[in-house]
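*Asks:* Have a look at this one before I ask anything.
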Amino acid sequence: MKNQPVIEIKNLYKSFGQTRVLNDFNLTLFKGENLVLMGKSGSGKSVLIKCLVGLMDFDKGSIKVLGKDISNIKQSELDELRTDIGFLFQGSALYDSMTVRENLEFPLRRHQNDSESKTKARVEEALENVGLPQTIDLMPAELSGGMQRRIALARALILKPKIIIYDEPTTGLDPITAKEIILLMMNIQKKYATSSLIITHDVDCARVISNRMILLLDGKDYIQGTFNELALSEDPKIKAFFK
Amino acid sequence: MKFLSSHQSGFISFFNEIGDMGNFTGRYFRELFSKPFEFREFLNQCYQMGNKSLLLVGVTGFILGLVFTLQSRPTLMEFGAVSWMPSMISISIVREIGPVIIALICAGRIGSSIGAELGSMKVTEQIDAMEVSGTNPFKYLVVTRILAATCMLPLLVIIGDFVALVGSAIIENAKGDVSFTLYFNQVFEALEFTDLIPATLKTFFFGFAIGLVGCFKGYNSNKGTAGVGKASNSAVVFTSMLLFVLDFIAVFITDIFYS
Ligand SMILES: Nc1ncnc2c1ncn2[C@@H]1O[C@H](COP(=O)(O)OP(=O)(O)O)[C@@H](O)[C@H]1O
Ligand SMILES: [Mg+2]
């Protein structure tokens, strides 16, 4: 079971006008693993995962998620597929006109015909998971950055997705809060047995959480391997990441 | 040479924008008529828009009625035509001044807040978040807002017109001893369906324009917080201009039909 791919990206190309962002990029995420994707800021990591969930069109190549080809799929099927993917945005992206409760209910109400009491219970469980049950009636603006990130994580998890994509989960947080978020991610991983794609340039985060790593360099999957393999590499381009 | 080319590119980007807005409008109508319709959010938006602008529309309408009557009185008096006051005021308010002034107020209130709200949702990736959670953000955010503005503006204009006439009646009552009953009797005598129908029809278009431009600017706003301010600001400027163009077209067409 272990070697079953849940995401397969093959020969991906993406340009904005004259600038090539992705240039023959390949990536496979296997079931149950934590794959860390590292790359410099502006190297196209966010672009890559936006292509992955169909938020952005790509120029060439193929993307398969849970066996379905993203580029020729009906809108309704894509929406269905998206409920299997949890997405943590770089800036949390909580709906700022809604309370924490409404933020968490939003995906539930749209995809599940649960009773009121069941919806309520699921929201409470999700908040419990991230350790913030007391914030349920607050607005996102009333929370600190770290709390917002956790609520966003709770929202990404609420439909019990099979795959979770984290876009720089620890960026912009202080080291202690960052550590808390990483711990939370690992607990969730254990509890729900999800497969995760983690984008980061935080070396500590990568060390703790990764089973395998890929470096995105010049639009290509420059190298892959375990954390230790990459950290011991003599290649100056790779070394630059681990300083 | 540089001067010329910078103007040329401004010209081209203006027409590009008109084209983009045309596509946006097309998408609005396609998504308006395809299922599902976000009814709850539509009602919520109607409520928000009414709630946000009612007081403003009331106060503006009232002052408009007062000032307009005070200013016109001496002139009519000179011609010995003070008894024409109610009919003159009501026709000019209901036909022209009411719709235009109130639409402009709403462009400032509703249009700018739509622009800012959608703009900040875009910039902070909330629109993307909505899309990956399997909800069509265009339907949820744009269709409901444009439709709500289209429905609410006529209502707000009718309320504003009425309040303006009340303001006018108060002046007539105080200065000319015209009773409220007499005033409104004259108003209803003067107004005909040929005044009301085109005047109300055009307010639907005004509301549509306010919602459309606000949504278009917000939904397509640029990255960065500066983009949000720009979206909201240019929504107001562009809508105000568009309102006068629409008004001119409406008056032009009415004139063909009723003369
Ligand atoms: N919508 C867009 N239009 C034009 N260029 C874009 C767009 N989105 C991203 N880019 C460009 O793509 C490159 C990669 O961006 P991004 O994926 O956000 O970087 P990061 O790896 O830091 O997440 C950047 O140079 C950025 O300017
Ligand atoms: Mg990024």
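*Asks:* On the accessible surface of segment A:91-160, probed at 1.4 Å, how many percent belong to carbon and sulfur atoms?
*Replies:* C and S fraction of accessible area: 46 percent.
*Asks:* From the backbone phi of segment A:11-24, what are the Karplus-calculated ³J(HN,Hα) couplings (6.51 cos²θ - 1.76 cosθ + 1.60, θ = phi - 60°) in whole Hz, Gly and Pro given as x?
*Replies:* 6, 7, 10, 8, 10, 10, x, 7, 8, 7, 9, 10, 9, 6
*Asks:* Any idea what angle helix A:175-192 forms with the longest principal axis of chain A, computed on alpha-carbon atoms, 0 to 90 degrees, nearest 10?
*Replies:* The angle comes out near 80 degrees.
*Asks:* How many lysine pairs in segment B:60-258, separated by 8 or more positions in sequence or lying on different chains, have Cα atoms less than 17 Å apart?
*Replies:* 6
*Asks:* Here is a further query. Run the helix sum for chain B: -39,500 (n - 2.57) per DSSP H stretch of 4+ residues, divided by residue count, reported at 222 nm to the nearest 500 deg cm²/dmol.
*Replies:* -28500 deg cm²/dmol
*Asks:* Report, as a whole number in µm² per second, the diffusion coefficient that Stokes-Einstein gives for segment B:52-119 at 4 °C and 1.567 mPa s using the Kirkwood radius over alpha carbon pairs.
*Replies:* It diffuses with D of about 96 µm²/s by this estimate.
*Asks:* So how tilted is helix B:225-258 from the main axis of chain B? Cα-based, degrees 0 to 90, rounded to 10.
*Replies:* Compared with the principal axis, the helix lies near 50 degrees.
*Asks:* I've got another one for you. Report the label-to-label distance for A:ASP235 and B:ASN222 in nanometres (one decimal), using points 7 Å from each Cα along the Cα→Cβ vector.
*Replies:* My value for the distance between the label points is 3.7 nm.
*Asks:* In angstroms, what radius of gyration and Dmax does segment A:91-160 have, counting Cα atoms only?
*Replies:* Calculated on Cα positions, Rg and Dmax stand at 10.9, 32 Å.
*Asks:* To one decimal place, what orientation-averaged projected area in nm² is obtained for the convex hull of the Cα set of chain A?
*Replies:* For chain A, the mean projected area of the Cα convex hull comes to 13.8 nm².
*Asks:* Just going by the charge dipole of the protein assembly as shown, with Lys and Arg at +1 and Asp and Glu at -1 on Cβ, which of B:LEU147, A:GLY42, B:MET121 is farthest out on the positive end?
*Replies:* A:GLY42
*Asks:* Could you sort A:125-136, A:69-80 so that the peptide with the highest average Cβ count within 10 Å comes first and the rest follow in order?
*Replies:* Order by mean packing, descending: A:125-136, A:69-80.
*Asks:* Per 0.36 nm of contour for each residue apart, how much would the distance between B:MET77 and B:THR200 grow if the chain were fully extended, relative to their Cα-Cα spacing?
*Replies:* So the extension gain works out to 41.2 nm.
*Asks:* Go ahead and run the numbers for FRET between B:LEU70 and A:LEU183, Cβ-Cβ distance against an R0 of 60 Å, rounding to 0.05.
*Replies:* Efficiency at R0 = 60 Å is approximately 0.25.
*Asks:* Carbon and sulfur together cover what percent of the accessible area of segment B:60-258 at a 1.4 Å probe radius?
*Replies:* 71
*Asks:* A further question on this structure: Give me the base-10 log of I(q)/I(0) for the protein assembly as shown at each q in 0.06, 0.07, 0.11, 0.14 Å⁻¹, Debye formula, one uniform scatterer per Cα, rounded to two decimals.
*Replies:* -0.39, -0.51, -0.98, -1.34
*Asks:* Using θ = phi - 60° and the Karplus relation 6.51 cos²θ - 1.76 cosθ + 1.60, list the HN-Hα couplings for segment B:190-200 in order, rounded to whole Hz, with x at every Gly or Pro.
*Replies:* Ordered by residue, 3J(HN,Hα) equals 6, 7, 10, 4, 5, 8, 6, 5, x, 5, 6 Hz.
*Asks:* First measure r as the distance between the Cβ atoms of B:VAL245 and B:THR181, then evaluate 1/(1 + (r/R0)^6) with R0 = 30 Å and state the FRET efficiency to the nearest 0.05.
*Replies:* 0.15
*Asks:* Just to confirm, what accessible area per residue do you get for segment B:197-259 at 1.4 Å probe, in whole Å²?
*Replies:* Accessible area per residue, segment B:197-259: 53 Å².
*Asks:* Can you compute the charge dipole magnitude of segment A:91-160 about its Cα centre, using +1 on each Lys and Arg Cβ and -1 on each Asp and Glu Cβ, nothing else charged? Give it in debye, rounded to the nearest 20.
*Replies:* 280
*Asks:* Kirkwood Rh, segment B:68-157, all Cα pairs: how many Å?
*Replies:* 16.4 Å is the Kirkwood radius here.
*Asks:* Using a simple spin-label model with points 7 Å from Cα along the Cα→Cβ vector, what separation in nm is obtained for B:ASN233 and B:SER13?
*Replies:* For B:ASN233 paired with B:SER13, the spin-label model returns 1.3 nm.
*Asks:* Please work out how much length the chain gains when fully extended from A:ASP59 to A:ILE223, using 0.36 nm per residue of separation minus the C-alpha to C-alpha distance, in nm with one decimal.
*Replies:* 56.8 nm
*Asks:* Taking only DSSP H segments of four or more residues, each worth -39500 (n - 2.57), what value at 222 nm results for chain A once the sum is divided by all its residues, to the nearest 500 deg cm²/dmol?
*Replies:* -10500 deg cm²/dmol
*Asks:* Relative to the Cα centre, what is the charge dipole magnitude of chain A, using +1 at the beta carbon of each Lys and Arg, -1 at the beta carbon of each Asp and Glu, and rounding to the nearest 20 debye?
*Replies:* Here chain A has a charge dipole of around 480 debye.
*Asks:* Something else: Mind checking which lysines have their C-alpha under 21 Å from A:LYS190, skipping anything on the same chain fewer than 8 residues away?
*Replies:* A:LYS2, A:LYS31, A:LYS160, A:LYS162, A:LYS179
*Asks:* Here's something else I'd like to know. To make sure I understand the rule: partners must be aspartates and glutamates, Cα under 15 Å from the Cα of A:LYS45, and not fewer than 8 residues away in the same chain. Which ones qualify?
*Replies:* Filter leaves A:ASP24, A:ASP57, A:ASP167, A:GLU168, A:ASP202, A:ASP218, A:ASP221.
*Asks:* When all alpha-carbon pairs of chain B are counted, what percent fall beyond 30 Å?
*Replies:* Looking at chain B, the distances longer than 30 Å represent 38 percent of pairs.
*Asks:* Taking a probe of 1.4 Å and counting only protein heavy atoms, give the total accessible area buried between chains A and B in Å², rounded to the nearest 100.
*Replies:* Roughly 1500 Å² of accessible surface disappears when A and B pair.
*Asks:* How much net charge surrounds A:PRO133 when only the other residues with a Cβ under 10 Å from the Cβ of A:PRO133 are counted, with Lys and Arg +1 and Asp and Glu -1?
*Replies:* -3
*Asks:* Compute accessible area for segment A:40-83 by itself and then with all protein chains, 1.4 Å probe, and report residues whose area falls by 50 Å² or more.
*Replies:* A:LEU55, A:ARG82
*Asks:* List the residues whose amide H sits under 5 Å from the amide H of A:GLY39, counting only those 5 or more places along or on another chain, with H placed 1.01 Å from N in the peptide plane.
*Replies:* So A:GLY39 has HN proximity to A:THR200, A:LEU216.
*Asks:* Peptide A:150-158: average number of partner chain Cβ atoms within 10 Å per residue?
*Replies:* If you average over the peptide's residues, the count of other-chain Cβ atoms is 1.
The values are calculated or read from the model by the stated rules, or taken from the named source; none is laboratory data. A quick note: this is a predicted structure, and the numbers were derived from the prediction, not measured. Positions of Cβ are backbone-derived with ideal geometry, glycine not excepted, and every protein chain shown enters the neighbour counts. Accessible surface areas use protein heavy atoms only, side chains included; no ligands, DNA or RNA. Shrake-Rupley method; radii C 1.70, N 1.55, O 1.52, S 1.80 Å.
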